[in-house]
Amino acid sequence: MNRILSLVFLICLFSCKQKAEKVQVQKGVSKEVNLKEIDSEEVRTISTMVTDYDTLINRVKKRGDVEAYYELFYSFKDCCFRESTDSVMVYSKIMAEKFNYERAYWDYYSAFLEKYHIDYSNFPQIDISKIDKKEKGKLENWFKMMIRKKLMTQQAFDSIKR
């Protein structure tokens, strides 16, 4: 019995060869890259906080730093619901109004609808009729600003159920 176990152990030990893993990387054209060649300092995941919140917030507020905005955005999305939608709305509004960052207009809109549990997957056939009058006015003003910036058409705005 010991001989059999020893033999199995030796076979396993000598049959293992170190192999380099291959991954698909998409940069224009798909190619294989050896994992050992990837610089680990350049790899970032969505939930990894590289910089503290205060620094990120200051970069967004003062400089309109898009990378800081994305890092805040995704960290808020990983967070609890109520705080994340309110926070996304605050910083997306800053990026949209102060720095004219196009994606921030849409982030504000989607966070606003998310906050009130409105399905916005079938834009522009959304229904904002159940939102209270004050909040609905804020959203309509936001849509009008998007129309002025040519991010939304008047026809899309008119199709929203109010």
Original post:
Which number in (1) of a type in the set (Val, Ile, Thr); (2) crowded, with 18+ Cβ neighbours inside 10 Å; (3) closer than 20 Å to Lys62 by Cα marks the one condition that Val90 misses?
Top reply: (2)
Original post:
Quick one: what pairs do we get from the range 56-80, first residue in a loop (DSSP other than H, G, I, E, B), second among the hydroxyl-bearing types (Ser, Thr, Tyr) and open to solvent by 20 Å² or more (accessible area, probe 1.4 Å), C-beta under 9 Å, 6+ apart or different chains?
Top reply: Gly64/Tyr101; Cys79/Ser87
**OP:** Give the range 137-159 a look and list any residue that's in a helix (DSSP H, G or I) and touching a Phe, Trp or Tyr at 6+ places or on another chain (Cβ under 9 Å), or say none.
**Re:** Lys138, Leu139, Glu140, Trp142, Phe143, Lys144, Met145, Met146, Ile147, Ala156, Phe157
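The values are calculated or read from the model by the stated rules, or taken from the named source; none is laboratory data. Predicted model, so just to flag it, every value in this text is computed and none were measured. Note that each Cβ is placed from the backbone with ideal geometry, even for glycine, and that neighbours are counted across all protein chains shown. Surface areas here come from the heavy atoms of the whole protein model, side chains and all, with no ligands, DNA or RNA. Shrake-Rupley method; radii C 1.70, N 1.55, O 1.52, S 1.80 Å.
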